[in-house]
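The values are calculated or read from the model by the stated rules, or taken from the named source; none is laboratory data. All values reported here derive from a predicted model rather than from experimental measurement. No Cβ is skipped: glycine too gets one built from the backbone with ideal geometry, and neighbour counts run over all protein chains shown.
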Amino acid sequence: MNKIIETHLCFKDLPKMFGSSNKFDPNTNIPELSGRVYVVTGGSAGIGYGISAHILQHNCERLYLISKKEEHLAKAQDNL
């Protein structure tokens, strides 16, 4: 006998289901980065852009963004 089981998973329920204890806060858990140089591929959009923003908040010496789209790089440079 074949039964079709339909499930719906909501991402907000994942921590409850798997017991996530992740309490990482990039505003407080990233140390001082002075004197360090970083390269972020895809740093002009999406997750890479967010990572770049946090790196800059913690005083890195230099940050290089790598992107396929020049217009994204120009916009990211202006906004960061």
All but one of (1) of a type in the set (D, E, K, R); (2) modelled with pLDDT of 80 or more; (3) part of a loop (DSSP other than H, G, I, E, B) hold for D78; state the number of the condition that does not hold.
(3)
Out of the residues in the range 18-60 that are among the β-branched types (V, I, T) and not in a loop (DSSP other than H, G, I, E, B), state the one that is surrounded by the fewest Cβ atoms within 10 Å (Cβ to Cβ).
T28
